[in-house]
Structures are given as structure tokens and as C-alpha cells.
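In what follows, a single structure is set out as C-alpha cells and then discussed.
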Number of protein chains: 2
Amino acid sequence: MKRIICLLVLIVNASISRAQVGLRHYPDSLFSTYYHQRVSHFKTFPQTKGDIVFIGNSITDGGEWSELFNDLKIKNRGISGDVSAGVLNRIDEVAQRKPAKVFLLIGVNDLARNITADSVVKNILLIASYLKQQTPSTQLFVQSILPVNDAFGKFSGHTNKGQQIKQVNEKLRQQANNYSYTFIDLHTSFSDENGKLQKDLTDDGLHMLGKGYLLWKHLLYPHVFGLQQQTSLLPQPQKL
Amino acid sequence: MKRIICLLVLIVNASISRAQVGLRHYPDSLFSTYYHQRVSHFKTFPQTKGDIVFIGNSITDGGEWSELFNDLKIKNRGISGDVSAGVLNRIDEVAQRKPAKVFLLIGVNDLARNITADSVVKNILLIASYLKQQTPSTQLFVQSILPVNDAFGKFSGHTNKGQQIKQVNEKLRQQANNYSYTFIDLHTSFSDENGKLQKDLTDDGLHMLGKGYLLWKHLLYPHVFGLQQQTSLLPQPQKL
């Protein structure tokens, strides 16, 4: 009986919390079967300390992040095809873990559906607010949307959104201080001289080849491991 | 110059080895852009000792295996949409790592393309032969193809192949001793009383929900960690 009361209190509290930052529950039918497979998979994992969560769409999903950084604390919460509303709808699963860090990259699938840059930014700021409220000790890193390239003749609805991607990124940069997150500009490093995704990092103008993930790792490394890790690599004082 | 000669020797040796077991290189255009993204990603990872490799199609790809088993040695080599020829074409990447164990699950996408059960088995036996030849110390576990269920009205080309799946599985079981692998029957445990994928493990009749991955973990656990791990859990003799 005690357990049932506790559960009810938790559910009511979660509902109030979501309402406080303007989150709403979306109907299940809005998301793909793959979305539900992944979310139900994530929910089976026990809570662990010091998690570093990578959350996003197919570009995050396709990365073997714990292998790339050689660290089991890194958890892949990417879902191919996901949009900002999809992340909003499942951010509870991440917040409840009270992770040490969250790396978010979302929005290009929204733009491909002709959702406006402002709407994408609004949803990302809601995600930031919710995490801040639910797990204030978690460091949030909002990554810029990556550039795209239409030269491959694939994903045309995505790769013609170069300008909108830049608009989202600029707004995300501007709001970083207001919403207490660190903005990480990946766009500049992944772009060629025309602001398009460098051709040798991709084979479809949207997703990453191995070389793209290596560049990404290089850019994220200081944020993932931070100063603490670097300090621990310094020579330790010898025992007297 | 020495390095170039060494490289040439390696390439020639690899070609001879592939030819010895009847492997051939397929044209890149045969596989998806996602296939190439994943393979190029896998190739960037350094060789590590004692790897436990999970290789297969979307059902393997969708699993967070290292998190599920809480072990960084477990590497995800799943590629959504992959077929037995796709695994043959990329098995080099796995063999070169000389992993401790390989868990293979492939074939349902072949059957969906109306490739025969015999052809699927032939390719899987080629994979087994190649691994045996290239990395004899690696333990290979060939998993049965999982059952499917047509009640969800999705993936109809896959979910109408229940009988062919059973044929593949029976042949794989029969060849285990001849090809020095351990056959793991997942099919029985995932099936309902009619031999179809249990409805509560899936939302599309083909792919797994979180509960499906938990059952899978339960069935694989003794094979993944083996007797050595179990032994290490026994009380250690006290120091005198």
C-alpha cells in the first residue's frame, strides 16, 4: 500500500513539474514504432552515477559513443528520426537519472518537416528549462545543428535547410547564458568554405562517416571529460 | 618503403584468405549509405583485447549492449537493414580484432528479399569458416533468427517468413559441430504457443521493445560471461 501511495505521489509530482515548465505529453501515435522501442529499452536500464548522456536523432543514434570515448558512463539516447518534440516527450527518462552531463543535438528533422527555426529553439529551451528544474546539478551542453550538403542528391528536405540551421544555431548561442547551458558550435568545424557539410565527412549530406565522428569526438573531448579528468592525469604527489 | 611492402603483403594475404573460404568482395553500391557510415565508423576504433562483438542487423543495432551488460568490452556491430552478404562483406573488420567472442544474428532481411533459407545458411557458414580460419581462438555464437508476428500489420515481407525462419534455424543447429560454433536457440524463448513472436516483446512484429532485450540478455548471459566470470565470483582463498 505504501508503495502504491509513493508511486502516485511520484506521478502527480512529475505531472506538476512538466506543467511548470510548459511540457506536455504527446500521444503515443505521434511517434514511430522505433521511437517506442528505443524509449522502452532506455527505461529498463538501472540508474547509475555520473552518467554522460548523448541525446538526439539518427546522427547521435548512429554513434558508438561509449566505444568512441572508451567510457561506460557515456549513454546513447539517440533515436533515428527524432524531433525536438520527441526529445521533450522523453526527457523525463534522462532527467530521472540525474546525469552528470547531457549533450543534446536535435532539430534538423523538425526543419525537414518545415517546422520553423523559432519553434525548434522554443522546444530546445523548454528541454533546457526542464532539466534545470528537475536536475539542477546536471551540466547541459546544447550542440549546434550540423551543416548539411545537397551535393549527394539525398535527403533533399533536410539538405536544403542550410539557412534555417544557421538561424537555429545563432538563437541557441544567444540564449545560452539565459538558460544556463553551454553552447557548443560544431557547425563551423564541420563546414566547408561555403558553409556546407564537408564532403569527406559524409556520404549522404546529412549523416556522418567514421571521420565525422572522429572530428566530433575531438571537439567534444574537453567538455565530456572536463577539467577534473585532465587534473587527474597530472602526476600525483608522491607519498612521504 | 618497408611499410608499403608490409601493407601490400597484408592486402594480398587478406585476399588469399577470403578466397580460401569462398568470400568475395561485393561492390560498394550494393549496400546502403547507412551501411557505409557504420562500417567506416567501426574501422576508426582501435583494437582492444577481449572484445565481445555483437554483429547483425537492426535488431542488434538497436540494442545498447554495453549498457545492457554493463561491460565496455561488448561492441555493437549491428547495421540496420543488413543481410548475410553484408556481414560477409565486413567480417574482416571483426576478424582483425581477434575478439574473444562473436555473437551473430542475421538472415531475416535476406528472407524478406525472398533469398532462400539455404542461401542464408550458406553465407552464415562462410562467415563461421572465415572467422575460424582468421582468428581460431575466437568463440563464435550463432544465434537463431528470432520469430516474427504478422498481427501488427507491419513489415509484412518479414513477418510472413515464419516457416523459412524455422528452416534456417534447424540447419544452423545441425551444422554447429561441423563448423565449430555454439548455436543459441533464442527462437523458442521468444515464441508464443503458435511459434510467433510474443506480442508483449515487440510493437511491430519484428523489432524488440525493452522487455525483448531483457529476455535476450537473460538468455545470452551465461555465454557472454562464461564459466570464467562465474568462477571469479566464487569466494577467493584467503591469504595465509
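Any read-out appearing in this document is the output of simple, stated calculations on the displayed coordinates, not a laboratory observation. The shown structure was predicted, so the numbers you read here are calculated from the model rather than taken from an experiment. Don't worry about glycine lacking a Cβ; one is built from the backbone with ideal geometry, like all the others, and counts go over all protein chains shown.
Per-residue ellipticity at 222 nm, computed for chain A from helices alone with -39500 (n - 2.57) per DSSP H run of at least four residues, works out to -15000 deg cm²/dmol. Contact order for chain A, expressed relative to its length and based on alpha carbon pairs under 8 Å spaced 6+ residues apart, stands at 16 percent. Electrostatic bookkeeping for B:Val142 treats Lys and Arg as +1 and Asp and Glu as -1; over the other residues with beta carbon under 14 Å from its beta carbon, the sum is +3.
Ranking A:Ser129, A:Thr182, A:Asn160 by how far each Cα lies toward the positive end of the dipole of the range A:44-225 (charges on Cβ) leaves A:Ser129 at the top.
Each Lys and Arg adds +1 at its Cβ and each Asp and Glu adds -1 at its Cβ; summed about the Cα centre, the range B:23-225 shows a dipole of about 580 debye.
For the peptide A:56-63, the mean number of other protein chain Cβ atoms found within 10 angstrom of a residue's Cβ is 2. Neighbours of B:Ile115 by Cβ distance under 12 Å: Lys/Arg scored +1, Asp/Glu scored -1, total +1. Taken one residue at a time, the phi angles of the range A:192-202 give Karplus couplings (6.51, -1.76, 1.60, θ = phi - 60°) of 8, 5, 9, x, 9, 4, 4, 5, 7, 9, 8 Hz. Gly and Pro are set to x. Here is how far apart the B:Lys154 label points are across copies: 2.3 nm, shortest first, using a point 7 Å from Cα toward Cβ. For chain A, leaving out every one of the trypsin sites (Lys or Arg not before Pro) that falls in a DSSP loop and has at most 13 other Cβ atoms within 10 Å, the longest unbroken run is A:114-238.
Calculated on the alpha-carbon coordinates, the convex hull of the range A:44-225 measures out at 106 cubic angstrom per residue. Using the crude model of +1 on Lys and Arg Cβ and -1 on Asp and Glu Cβ, and no other charge, please compute the dipole size for the range B:47-118 relative to its Cα centre, in debye to 20. My answer is approximately 300 debye. By the rule of a C-alpha distance below 20 Å, with chain neighbours fewer than 8 residues away ignored, the lysines paired with B:Lys211 are A:Lys43, A:Lys75, B:Lys154, B:Lys196, B:Lys199. The residues packed around B:His158, meaning those with a beta-carbon under 12 Å from its beta-carbon, carry a net charge of 0 if Lys and Arg are +1 and Asp and Glu are -1. Sorted from shortest to longest, the distances between the A:Lys43 label points of this copy and the other copies are 4.0 nm, with each point 7 Å from Cα along the line through the beta carbon. When only Cα pairs below 8 angstrom with a gap of at least 6 residues are kept, the range B:27-111 shows a relative contact order of 37 percent. Stokes-Einstein, applied to the Kirkwood radius of the range A:73-132 over Cα pairs at a viscosity of 0.890 mPa s and 25 °C, places its translational diffusion at 203 µm² s⁻¹.
Given charges of +1 on the Cβ of Lys and Arg and -1 on the Cβ of Asp and Glu, with all other atoms neutral, how large is the dipole of the protein assembly as shown about its Cα centre, in debye to the nearest 20? Can you show the working numbers first?
Working: 54 positive and 38 negative charges, 224 e Å.
The dipole of the protein assembly as shown has a size of about 1080 debye.
Cα convex hull of the range A:16-139: mean projected area in nm², to one decimal?
If I average the Cα hull's projected area over directions, I get 7.4 nm².
Each label was represented as a point 7 Å from its Cα along the Cα-to-Cβ direction; for A:Lys171 and A:Lys43 these points are 3.1 nm apart.
Averaged across B:34-46, how many Cβ atoms of other chains sit within 10 Å of each residue's Cβ atom?
Details: counts 6, 1, 5, 13, 6, 2, 7, 12, 3, 2, 10, 6, 2.
Per residue, the number of nearby Cβ atoms from other chains is 6 on average.
What is the ratio of the Cα radius of gyration of the protein assembly as shown to 2.2 N^0.38 Å, where N is its residue count, to two decimals?
On the way: Rg = 23.6 Å, N = 480, 2.2 N^0.38 = 23.0 Å.
Here the Cα radius of gyration is 1.03 times the empirical estimate.
B:Arg113 label point (Cα plus 7 Å toward Cβ) to equivalent points in the other copies: 3.1 nm, shortest first. As a calculated quantity, the FRET efficiency between A:Asn194 and A:Glu93 at R0 = 41 Å, using C-beta atoms, amounts to about 0.60.
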